[in-house]
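Here's the structure we're looking at; comments come further down.
The values are calculated or read from the model by the stated rules, or taken from the named source; none is laboratory data. This one's a predicted model, so the numbers in the text were calculated from it and none came from an experiment. Using ideal geometry, Cβ is built from the backbone for each residue, glycine included, and neighbour counts are taken over all protein chains shown.
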Amino acid sequence: MSFDYANYTPKGDKKNSAFFEEYRGKIYERRQNSGVEDLVGEMKAAVIQVEADDGVSTLAELHCMTPYRHHSSYRSQTHKFHVLLNKPAFPALIVMEPNSHRYEDYIKRLNALYPLSRPKSNTRYVGEVFDCADCGALRDVLESQYIRFEYRGDTKNAFFTSDNILFSNVSDFTGNRIGYSDSDFNDPGSLGLGESFDLTAAERETLKQASAFSEEHGLVDLMLGYDHMATRILAGEREDAILEFLTMVPYYFWGAYNISDMNSSTNVTRCPAVSDDKMSPAKVFTANNTPSFVNSFEGLPMPTEDFVRNYGRRMHHMAVEVLDGDHESGQKNVDYVVGILGQQGVPFLAHVVGECKDSPDLKQIFSKHSAHTLLITEYIERCKKFDGFFTKSNVAALTEAAGKDERYRHGHVFD
């Protein structure tokens, strides 16, 4: 059944401009009329780049902290590519690792602009890849709408101009890319990532131990998959970022709420084709309500804008959904998962927020930024079939906790 875009009323209390409301409807209509709605499907993969020599450490972290497991690795002239899979219906993860610390492309140049990104100069969440029935036809349509794509010779990393995945240029608003492919990501050998190679015996043992820890404590059965992914952007670019994303994929604007305590808003887009967000995770856009220079008059908290000023426009966190239920230890499942990971040395920003008692609710928590990916992992349990996506009080608490951990002292400005 097709989604009724015209009659859907977005949720939330965040007021959007007349410009946003006008072009949101026009974009939905154009997507349907131009064929984008039929050509593009669900999310098939997420792509992350890490530093040279951080690949296996990143894989081990993912084995411990998520249900994803290493499937195979490939080598191109510039990179190693490690593919991790979860359930076949859920997106794959591709971890890119440059072959040399001297490697430089747009990621290093972007990171050099921001003080807390510079130490991990090649580390960045890259973007998502969506299923596409005909990439050539899609490119023709989207280029007529002024969406730019990579062509051979444009980039140093041939992955972005391969025959198997069509990648957009980097978004000016989010710093992320969007890719399209008709390949089967559960068969990584069909992606043309390069020459297949085996991890060393020591590397395989590292991953085996991380998996064994997860299995021994039952974590792998409780961590389900990615529920949503949240990008932080500048206050004045919130609407543009959302509309650009909606132009390129068949998601819809679910709604937006002001998080007044943190002077920000949380804006959610979802895929209407799936009954489970983990099959095509929601994309969330978070932005300050006022730009920093105006907020200097108000003196309000602005952890979201500070993050962008310190790290740049980029992905902030990826949320793993935890199975709803009570663990045999007497805790909610998310409390148990977080407790066990904490014993393993995984650092968290604060305690689990939210209550799960007799009525539908959420419990969730942020990890600290990964030393390997710079991403936060959120753990979220949707109790008793909670379907509101998030609660304002939980988001406020999580945003505040992250903000305290993302500060940077520069001259006489401490943000």
Selection count, the stretch 392-415, where residues are at pLDDT 70 or above and either in contact with a strand residue (DSSP E or B) (Cβ under 9 Å, 6 or more places away or on another chain) or β-branched (Val, Ile, Thr) (or both):
11
Would you confirm, using the coordinates I've provided, whether Lys80 is surrounded by fewer than 18 Cβ atoms within 10 Å (Cβ to Cβ) and of a type outside the set (S, T, N, Q)?
no
Of all residues in the stretch 102-135, count the ones that are outside any loop (DSSP other than H, G, I, E, B) and touching a residue at least 12 places away in the same chain (Cβ under 8 Å).
16
Among Glu203, Glu239, which is the only one that is within 30 Å of Glu378 (Cβ to Cβ) and either assigned to a loop (DSSP other than H, G, I, E, B) or touching a Leu at 6+ places or on another chain (Cβ under 9 Å) (or both)?
Glu203
Enumeration of residues in the stretch 329-388 that are within 19 Å of Met229 (Cβ to Cβ), assigned to a strand (DSSP E or B) and at pLDDT below 80
none
Per the filter on the stretch 172-184, residues surrounded by fewer than 23 Cβ atoms within 10 Å (Cβ to Cβ) and hydrophobic (A, V, I, L, M, F, W, C) are Phe173
Sole miss for Ser57 among (1) modelled with pLDDT of 95 or more; (2) of a type in the set (Ser, Thr, Tyr); (3) assigned to a loop (DSSP other than H, G, I, E, B) is condition (3)
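Name the residues in the stretch 193-208 that are in contact (Cβ under 8 Å) with a residue 24 or more places away in the chain and under 15 Å from Leu59 (Cα atoms), would you? Let's see the steps before the verdict.
Filtering the stretch 193-208 down to residues in contact (Cβ under 8 Å) with a residue 24 or more places away in the chain leaves 193-199, 203, 206-207.
Asp198, Leu199, Glu203, Thr206, Leu207, listed by residue number.
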Within the stretch 1-24, can you find the residues that are outside any loop (DSSP other than H, G, I, E, B) and touching a helix residue (DSSP H, G or I) at 6+ places or on another chain (Cβ under 6 Å)?
Phe20, Tyr23
Scan the stretch 12-24 and report the pairs whose first residue is farther than 17 Å from Thr290 by Cα and whose second residue is part of a loop (DSSP other than H, G, I, E, B) and among the hydroxyl-bearing types (Ser, Thr, Tyr), with Cβ atoms within less than 9 Å and a gap of 6+ or a chain change.
Arg24/Tyr5
Just give me the residues in the stretch 188-218 being over 22 Å from Cys64 (Cα atoms), of a type in the set (S, T, N, Q) and buried (at least 17 other Cβ atoms within 10 Å of the Cβ), in sequence order.
none
Within the stretch 87-101, restricting to residues that are in a loop (DSSP other than H, G, I, E, B) and more than 16 Å from the chain's Cα centre (by Cα), the one that is surrounded by the fewest Cβ atoms within 10 Å (Cβ to Cβ) is Pro88
If I ask for residues that are in a helix (DSSP H, G or I) and in contact with a Phe, Trp or Tyr (Cβ under 6 Å, 6 or more places away or on another chain), which ones from the stretch 139-159 would you list?
Arg139
Can you pull out every residue in the stretch 125-169 that is closer than 25 Å to Glu104 by Cα, aliphatic (A, V, I, L, M) and crowded, with 19+ Cβ neighbours inside 10 Å?
Val126, Val129, Ile165, Leu166
Consider the stretch 246-273. How many of its residues are surrounded by fewer than 22 Cβ atoms within 10 Å (Cβ to Cβ), within 18 Å of the chain's Cα centre (by Cα) and aromatic (Phe, Trp, Tyr)?
2
Those residues of the stretch 315-341 which are surrounded by fewer than 16 Cβ atoms within 10 Å (Cβ to Cβ) and charged (D, E, K, R) amount to Asp326, Glu328
Only one of Ser296, Ser275 is free of Cβ contacts under 8 Å to residues at least 24 places away in the same chain and part of a loop (DSSP other than H, G, I, E, B); which?
Ser275
When you go through (1) basic (Lys, Arg); (2) touching a residue at least 24 places away in the same chain (Cβ under 8 Å); (3) part of a loop (DSSP other than H, G, I, E, B) one by one for Lys80, which number turns out not to apply?
(3)
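Are any of the residues in the stretch 25-41 in a loop (DSSP other than H, G, I, E, B), out of contact with any Phe, Trp or Tyr (no Cβ under 8 Å at 6 or more places or on another chain) and of a type in the set (Lys, Arg)?
Scanning the stretch 25-41, I find no residue that is in a loop (DSSP other than H, G, I, E, B), out of contact with any Phe, Trp or Tyr (no Cβ under 8 Å at 6 or more places or on another chain) and of a type in the set (Lys, Arg), so the answer is no.
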Return only the number of the condition from (1) over 15 Å from the mean Cα position of the chain (by Cα); (2) more than 30 Å from Phe293 (Cα to Cα); (3) of a type in the set (S, T, N, Q) that Ser280 does not satisfy.
(1)
